[in-house]
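Down below is the structure, laid out as structure tokens.
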Amino acid sequence: MTEVLLTEPMSETEQRVLTEWLARREAESGAAPVTVATTDAALSELTLRTDDPVLTPVRVVWMPDVSDGHRGHRLREVLSARDPLHLAAKAQRRVLQHDPGRCRVVEGDGAPLSELRGRLAERGGGSLPEFVRRQAALALERAERGLLGTQYKVSRFVVEEITDTRRFTAGVRGLAAASNRTVADVDARARADLDEMVASQSRRAIAVWDQLGRYFSRAYRLDVDTTRFEELRELNREHSLVFLPSHRSYLDPLVLRPALLANDLPLNHVMGGLNVSFWPVGPISKRSGTVFIRRTFDGDDVYKWTLREYMRFLLNKRFNLEWYIEGGRSRTGKLRPPRYGLLTYLAKAFAESEASDVYLVPVSLVYDQLYEVSAMAAEAHGGEKRKESFRWMLGYVRAQGQRRGVAHVKVGRPLSLRDALAQSDDPRRAIQRTGIEICHRINEATPITASSLALLAFLGIEDRALTVDELGFILGPLVDYITARKLPTAGDVDLTNPQVIRKALYTHVDAGVLERFDDGDERVYHLGKDQGLVAAFFRNNSIHFLVVRAIAEMVLIATVDEHFTDPLADGWAEALRIRDLLKFEFFFSRKDTFREELRSELSLIDPAWEQDLGDPEHAQHVLGAVRPYLAHRVLQPFLDAYEVVADHLVDVPVSTDFDEKQFVTDCLGLAQQRRLRQQIASSESVSSELFGTALQLARNRGLIGDDDPAVLERRRAFADEMRTLVRRVREIRAIAHTKLATMDDPEAAR
């Protein structure tokens, strides 16, 4: 069978290299190779041949200079990055003279002309010469990956691969008929949508983006837990992976990307919002894997269908995807509720794809410090969000010049999309369960850091400074608790080492979150002015591990307060009531699992907690044995904020009309007044974010948007419920403070 080598346009240097390579090939085989350039005329003539030659593409490539190391300490150097495989003509001559080993000729997998004709017929669209050119280029891309690795697995000719098919033509006709539009109009719109969203990758852009990533995130040392990467590599041999990280910062994709590449995983297609597609970052990131999609496209059936088709293409080609299941960045430091839009499109694309399965990969991203948290805290206090722009980006990048500690990356348990969707016959319910499960697995993988632990101590005692000994008194039992529960910690951090906590304190002092006072007889630390929400952001990275323990303490004090006649049944009912109250703040396990978690927490407090339930003083005894007390550090900020909302709802007229924006503004003023009067324990509770979730609960309980006069009575009951819970959490806070005040007297502290 005759072999034809397909060649692309080349420089003079590359032509010389290829000529020498062809001569060596002829000498080895004894047969003169036949070459055909991939021009329109040459390919048109080639595809008319009646014999069946094997078409093998060849290309001259230039290996990257490994001696460059990690360039990119200056923005000018970053933007000067070049395509690592395709050098400029002048650079080619220089490399060939001084480092000829960097020049290679690669061959792509060959295919008979008849096979290519058959593939095109199956697709049902496009011209054979153009199809041959694309297939040759794609075969060379695969061959080049053998030289450079999976980092440079790029998607090429995506729009053509999608549109030159019988499926695309049929879909356009169906949409046109359903919407009473012309086929030409729908076709043009679908192609325009694809052009807007498709990541038109180039190797130079990938190189530039890698350099930008190192430059933008230079403030951090990367700590990657590699425990699950072998499992991911194995799964990725047969399936697409969809990475779903927690969203803390604009830096997230730049932190996750090198973590994956360093562990031999290919470049992800990152689904991003058009709001960050501004020049110059937008064009560069689009050509290095970012898929820019509109924030909203309700009612646009063409856009929805086009997005599904693009995702289907990526799954069929086994490309990996990435997006943030929370939608936007967390303003509080804890996971936001999942957004189901892209997950729904993924499920539909998967159902129509040739993929046997897709694996969802939860990823936890945690930072010791973040520049943007102060801005998010200001927004939560009622400030305006600054719009992303080139000028905004320059300020953001400049701020990363300061050292900000460690960025921690940890992968959670992968989840089979096929198995997850099979859990329910209702697709919508299956997707919701899948989203919640992913969030559970992100939380499960999120490590406790010394940074978050240090701030936990100050957020239960905001208006008071602490000595180093007092910090030890608070954090010692907390470290024992973390050890007893075998909770994940960041890297090899030893939380029992006082130097680790001391280093975390210094980091927060340097960032202005904590302040140090040296003028008395002993150094003390305290929260900086207006730093409550900033501190809470880092504390909340780990808060999900502590919620059930905090609820257990609330159940104990309710038992003491109400003298439960059946402590087990009444206590369980109280725990479920608090769980329901906080369901929009935290991801709780199912009720049977939650019950076991609650029992485990009570057993950690007092292993004999069930022995004397009939004794009225037993609950008081168990409550006194608690170390450490966590309810006020974990739940009080939320309960205080909910109380503000509940009280203000009583004063708002019952009506079907409800101005949420004005209501939240009023709540901010009311909460600030209460804070000034010490009626709210922490400035963390003066937060539009917390008021927003409290309003979600109010809507869920039918307290908003209904003009039934009975609503007012239900609002009053809600306010009474919140006042009771706030009073109880303050009592726990008072007990904790009393023990802290008597820490040097072991008898009094008991």
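The values are calculated or read from the model by the stated rules, or taken from the named source; none is laboratory data. None of these values were measured; they are calculated from a predicted model. Because the Cβ atoms are built from the backbone with ideal geometry, glycine has one as well, and the counts that use them run over all protein chains shown. Only protein heavy atoms, including side chains, enter the accessible area calculation; ligands, DNA and RNA are left aside. Shrake-Rupley method; radii C 1.70, N 1.55, O 1.52, S 1.80 Å.
Remarks
- A search for C-beta distances below 6 Å between a residue of segment 560-571 that is on the phi < 0 side of the Ramachandran plot and any residue that is open to solvent by 60 Å² or more (accessible area, probe 1.4 Å), counting only pairs 6+ apart in sequence or on different chains, returns VAL560/GLN620.
- Where a residue in segment 654-669 is polar (S, T, N, Q) and its partner, wherever it lies, is open to solvent by less than 60 Å² (accessible area, probe 1.4 Å), with Cβ under 8 Å and at least six apart: THR656/GLY705; THR656/ASP706; THR665/GLY382
- Condition check for ASP720 on (1) in contact (Cβ under 8 Å) with a residue 40 or more places away in the chain; (2) surrounded by fewer than 21 Cβ atoms within 10 Å (Cβ to Cβ): one failure, at (1).
- Every pair of residues 6+ apart whose Cβ atoms lie under 8 Å, when the first sits in segment 31-50 and is on the phi > 0 side of the Ramachandran plot while the second is surrounded by 14 or more Cβ atoms within 10 Å (Cβ to Cβ) and part of a loop (DSSP other than H, G, I, E, B): none
- HIS648 meets all of the listed conditions (1) crowded, with 20+ Cβ neighbours inside 10 Å; (2) touching a Gly at 6+ places or on another chain (Cβ under 8 Å); (3) within 23 Å of LEU712 (Cβ to Cβ) but one, namely (2).
- Spans of helices (runs of 4 or more DSSP H) in segment 461-574 with at least 2 residues more than 30 Å from GLU617 (Cα to Cα): 468-485, 498-511, 532-539
- Test result for GLU747, assigned to a helix (DSSP H, G or I), open to solvent by less than 10 Å² (accessible area, probe 1.4 Å), among the acidic types (Asp, Glu) and modelled with pLDDT under 95: no
- Residues in segment 694-717 that are open to solvent by 20 Å² or more (accessible area, probe 1.4 Å) and part of a helix (DSSP H, G or I): GLN696, ARG699, ASN700, ALA710, LEU712, GLU713, ARG714, ARG716, ALA717.
- Any chance GLU731 is farther than 17 Å from GLY532 by Cα, open to solvent by less than 80 Å² (accessible area, probe 1.4 Å), touching a residue at least 40 places away in the same chain (Cβ under 8 Å) and acidic (Asp, Glu): yes
- The residue that is modelled with the highest pLDDT, among those in segment 196-227 that are under 20 Å from the mean Cα position of the chain (by Cα), open to solvent by 10 Å² or more (accessible area, probe 1.4 Å) and of a type in the set (A, V, I, L, M, F, W, C), is VAL224.
- Restricting PHE588, PHE584 to residues that are touching a Ser or Thr at 6+ places or on another chain (Cβ under 6 Å), open to solvent by 10 Å² or more (accessible area, probe 1.4 Å), of a type outside the set (Asp, Glu) and not in a helix (DSSP H, G or I) narrows the list to PHE584.
- Within segment 289-310, residues that are touching a residue at least 60 places away in the same chain (Cβ under 8 Å) have Cβ atoms under 8 Å from residues that are among the acidic types (Asp, Glu) and surrounded by fewer than 22 Cβ atoms within 10 Å (Cβ to Cβ) in these pairs: PHE292/GLU196, counting only partners at least 6 apart in sequence or on another chain.
- Residues of segment 311-325 that are modelled with pLDDT of 90 or more and farther than 16 Å from LEU256 by Cα: MET311, ARG312, PHE313, LEU314, LEU315, ASN316, ARG318, PHE319.
- Residues (in contact with a strand residue (DSSP E or B) (Cβ under 9 Å, 6 or more places away or on another chain) and closer than 24 Å to ILE206 by Cβ) located in segment 289-313: GLY289, THR290, VAL291, PHE292, ILE293, LEU307, TYR310, MET311
- Qualifying residues in segment 455-501 (those that are hydroxyl-bearing (Ser, Thr, Tyr) and surrounded by fewer than 18 Cβ atoms within 10 Å (Cβ to Cβ)) - the one modelled with the highest pLDDT: THR483
- Matching residues in segment 99-133 - criterion: being in contact (Cβ under 8 Å) with a residue 12 or more places away in the chain and closer than 25 Å to PRO64 by Cα: ASP99, GLY101, ARG102, CYS103, ARG104, VAL105, VAL106, GLU107, GLY108, ASP109
- Qualifying residue in segment 50-65 (condition: of a type in the set (A, V, I, L, M, F, W, C), open to solvent by less than 50 Å² (accessible area, probe 1.4 Å), in a loop (DSSP other than H, G, I, E, B) and within 29 Å of ARG93 (Cα to Cα)): yes
- THR47 satisfies every condition listed in (1) exposed (fewer than 11 other Cβ atoms within 10 Å of the Cβ); (2) at pLDDT 90 or above except (1).
- The conditions of being in contact (Cβ under 8 Å) with a residue 24 or more places away in the chain and surrounded by 24 or more Cβ atoms within 10 Å (Cβ to Cβ) are met by PHE537.
- Which listed residue, of THR19, THR39, is open to solvent by 60 Å² or more (accessible area, probe 1.4 Å), under 50 Å from the mean Cα position of the chain (by Cα) and more than 28 Å from LEU120 (Cβ to Cβ): THR19
- A count restricted to segment 1-16 and to residues that are open to solvent by 20 Å² or more (accessible area, probe 1.4 Å) and of a type in the set (A, V, I, L, M) stands at 2.
- Test for ASP419: is it assigned to a loop (DSSP other than H, G, I, E, B) and open to solvent by 10 Å² or more (accessible area, probe 1.4 Å): no
- Residue that is farthest from ARG539 (Cα to Cα), among those in segment 670-691 that are in a helix (DSSP H, G or I) and touching a residue at least 60 places away in the same chain (Cβ under 8 Å): SER688
- Counting only helices (runs of 4 or more DSSP H) that sit wholly inside segment 331-401, those with at least 1 residues that are open to solvent by 10 Å² or more (accessible area, probe 1.4 Å), more than 30 Å from LEU415 (Cα to Cα) and at pLDDT 65 or above are 373-380, 390-399.
- Qualifying position, being under 23 Å from SER589 (Cα atoms) and open to solvent by 30 Å² or more (accessible area, probe 1.4 Å), among HIS544, HIS526: HIS544
- The single condition among (1) outside any loop (DSSP other than H, G, I, E, B); (2) open to solvent by 10 Å² or more (accessible area, probe 1.4 Å); (3) at pLDDT below 95 that VAL622 does not meet is (2).
- Conditions (1) touching a residue at least 40 places away in the same chain (Cβ under 8 Å); (2) under 27 Å from ILE442 (Cα atoms); (3) surrounded by 17 or more Cβ atoms within 10 Å (Cβ to Cβ): number failed by ARG579: (1)
- Of all residue pairs spaced 6 or more apart or on separate chains, those with beta-carbon atoms under 9 Å, a first member in segment 267-286 that is exposed (fewer than 15 other Cβ atoms within 10 Å of the Cβ) and a second member that is modelled with pLDDT of 75 or more and charged (D, E, K, R) are LEU274/GLU196; LEU274/ARG294; LEU274/ARG295; ASN275/ARG295.
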